[in-house]
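These notes concern the structure reproduced below.
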């Protein structure tokens, strides 16, 4: 018989081995303190918490979770322990809710080993508290009882622990929160929010993944491991030692240098309902609706929807390819069998068997194609409504939304870097959206790639064109004064192609030329990275010099390594490694062959950049199945003046902002 | 359901099911021992192996939570088992309408990753739930555990235009589904 306790009520405990289940609907920290007969907690070793989850007779979770199971063995507790206090706290510094009043009332159940509930308690009436003593188990005349306490503390864990006379309360509370934050950082998913794969043995492990993406990962936390790294294939014909081809993650990963967690937002909370599709007509698929995905804003919903379409296309294509592969291998086996059967040579049986094998193959392939076509139709219909609804940052240059360009007031969630498609997708293009601020630099490969027959000069020009289109996009979607673009063009070779940027005056300065220009720009950006790093590490981001330009910085490097000496190359590598975390990004427009003299020294540089190609090339892999997707750069339609119009407005806004 | 029994996954009204959930639950059998290692001890893992014409094509398990085609999804690893309140400790969702055309059987297995035998597991069950309305279609409780570390629970296979589930319940040994392949093949 379950006793439903109210605050202050107690209940006898029939068994020594118990589980205390906690559910709160949001990740919380659970812990327990042990007290002597006077209730005194003698030291930190009397506290079980995520950083030290096991004590004799007591075990708590290692991390914050919406549901906990605390194991208690009263017989195994030290004889000096007379009281076990179960406490809950909201994790701090993780963007979660700031007070218990904002979350569902925590529910606790004390159960026996067979799962039978002994007593339950719902902690109601909490408001500004961030930590609460939920229950206490206590020894009374040799028998154990449970009491519902429900005492909250607005001062949080530190105040709660101090109230139990624990001398090191403050340090311990800080330590617990730090242990929890470490755990949460590993378990919260980056977009796309769909259930991502855990890392798979057959894929290359990602350098950016945390060490915990293994079997022992998270039993209680939401399955939020980041998508696995995506193996890239370099036009299909790359030698295996080419390190740039080994890992080319398309976009979202956690554990990278940039934390996209909204400081005021709890990652696991349910977002408001999206616009829903009208109910489907019987026998027909639902009509697609733009923004039909979860998210806090239309931009976020569209972002999630696009990633959802990306995943759907990846998976439906995987199903199709797998069915076709199977049909082919089965047909081959059956044909072999016919060939090795002596009877088939002397009669018409062999022909009939061969015919049957081919028919089976054709039938299965037809079925698979029908399933694929059904899904492609659905996705195409979805793309037809989603594309026109996309905001500027997600839209192609030919989208009318660009004609109504206004300088934005805030940084968008993501940017379209181009389009992705598969050979089977037949006209269906998925926008390639990456989160802003950029997590890694970009490398526009000016070398020969894919099936393009353009000559080397043409490729270089196309690559710089692509870089200009991308830089223009970044400039256009950031509010004025929040994004600066620097250009290094040592020989001045790109002057004509760079004109769309230089003419309206949207750059931070004229393109740097010559060795002196190179070292000047690199020196300034390196110094900036150093300064910001020092300020952040010193915990004094306000201490930056007055007039410090807080904008994100993008450095476009054309013609690398022309004009670079060893020192400049080292600085460039430093910027690639350390820059993204402090808002300094690289965009290299380069052919690796030109830098071949540096040998493997530059491999880490190329690897750290996202490789894009100026011509369509299938070198990007998705995070789910690892198909090779063909990337198409976001080039401005020939003859369009949209770039000029947009950048003119950007330049005007920059000038008035600078005044 | 009993071992070997088969049920059709047609709905009573003639329509066929679109999505089913294979739920697994278990408890560690209470036994005397060192405290602390008890409840964490038994880590059973549910896996689903997708077969096309008796050839394994894809596997959904704790390191590959979604089949490449997206039709079979694992809800995530549970390392400790439940308190036996009847809830599923691990579940595998199968979107029957999206299963690729060449996949004709999906076999569900449970293995003890930590190596204990099923003697130390009690109240293990597998049940099939209509995911669209939460209705339980079939429940199969494992009879007394024995000296084995894995069990082939059930299979869902195409029959005519629809699907059928068959309870299997045959014991096997192995820590992960790879070890079970020889034991699975005879039940296909």
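Tabulated results
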quantity: Test: residue in the stretch A:619-633 that is over 30 Å from residue B:71 (Cα atoms) and modelled with pLDDT of 90 or more; calculated: yes
quantity: Residue in the stretch A:19-32 that is assigned by TED's automatic domain parsing to the domain that holds residue A:134, under 14 Å from residue A:139 (Cα atoms), touching a residue at least 24 places away in the same chain (Cβ under 8 Å) and in contact with a strand residue (DSSP E or B) (Cβ under 9 Å, 6 or more places away or on another chain) present; calculated: no
quantity: Residue match in the stretch A:581-598 (condition: farther than 30 Å from residue A:411 by Cα, assigned by TED's automatic domain parsing to the domain that holds residue A:458, in a loop (DSSP other than H, G, I, E, B) and out of contact with any strand residue (DSSP E or B) (no Cβ under 9 Å at 6 or more places or on another chain)); calculated: no
quantity: Positions within the stretch A:56-65 being outside any loop (DSSP other than H, G, I, E, B) and facing chain B (nearest Cβ under 9 Å), in sequence order; calculated: A:58, A:59
quantity: Among (1) in contact with a helix residue (DSSP H, G or I) (Cβ under 9 Å, 6 or more places away or on another chain); (2) within 13 Å of another protein chain (Cβ to nearest Cβ), the one test that residue A:75 misses; calculated: (1)
quantity: Filter result (more than 10 Å from chain B (Cβ to nearest Cβ), more than 34 Å from the chain's Cα centre (by Cα) and assigned to a strand (DSSP E or B)) within the stretch A:37-55; calculated: A:47
quantity: Selection count, the stretch A:372-382, where residues are farther than 16 Å from residue A:423 by Cα and buried (at least 20 other Cβ atoms within 10 Å of the Cβ); calculated: 1
quantity: Number of positions in the stretch A:73-98 that are more than 24 Å from residue A:46 (Cα to Cα) and at pLDDT 85 or above; calculated: 0
quantity: Residue check for residue A:153: under 38 Å from the mean Cα position of the chain (by Cα) and closer than 19 Å to residue A:11 by Cα; calculated: no
quantity: Boolean, residue A:278 is surrounded by fewer than 17 Cβ atoms within 10 Å (Cβ to Cβ), within 14 Å of chain B (Cβ to nearest Cβ) and either modelled with pLDDT of 55 or more or over 22 Å from residue A:96 (Cβ atoms) (or both); calculated: no
quantity: Checklist (1) buried (at least 19 other Cβ atoms within 10 Å of the Cβ); (2) more than 10 Å from every other protein chain (Cβ to nearest Cβ); (3) touching a helix residue (DSSP H, G or I) at 6+ places or on another chain (Cβ under 7 Å) applied to residue A:354, failing item; calculated: (1)
quantity: Single residue of the stretch A:1-12 satisfying the filter (in contact with a strand residue (DSSP E or B) (Cβ under 6 Å, 6 or more places away or on another chain) and surrounded by fewer than 19 Cβ atoms within 10 Å (Cβ to Cβ)) that is nearest to the other protein chains (Cβ to nearest Cβ); calculated: A:2
quantity: Residue ID - nearest to the chain's Cα centre (by Cα), chosen from residues in the stretch A:304-337 that are away from chain B (no Cβ under 12 Å) and surrounded by fewer than 19 Cβ atoms within 10 Å (Cβ to Cβ); calculated: A:332
quantity: Residue identified as outside the structural domain of residue A:464 (by TED's automatic domain parsing) and under 30 Å from residue A:312 (Cα atoms) among A:637, A:614; calculated: A:637
quantity: Qualifying position, being modelled with pLDDT of 90 or more and in contact with a strand residue (DSSP E or B) (Cβ under 6 Å, 6 or more places away or on another chain), among A:647, A:610, A:643; calculated: A:610
quantity: Unique match (being surrounded by fewer than 19 Cβ atoms within 10 Å (Cβ to Cβ), farther than 23 Å from residue A:506 by Cβ and touching a residue at least 60 places away in the same chain (Cβ under 8 Å)) among A:398, A:419; calculated: A:419
quantity: Selection within the stretch A:13-36 - within 14 Å of chain B (Cβ to nearest Cβ) and outside any strand (DSSP E or B); calculated: A:15, A:16
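The values are calculated or read from the model by the stated rules, or taken from the named source; none is laboratory data. In this text, all values refer to a predicted model and were calculated from it rather than measured experimentally. Cβ coordinates were reconstructed from backbone atoms using ideal geometry, including for glycine residues, and neighbour counts include every protein chain displayed.
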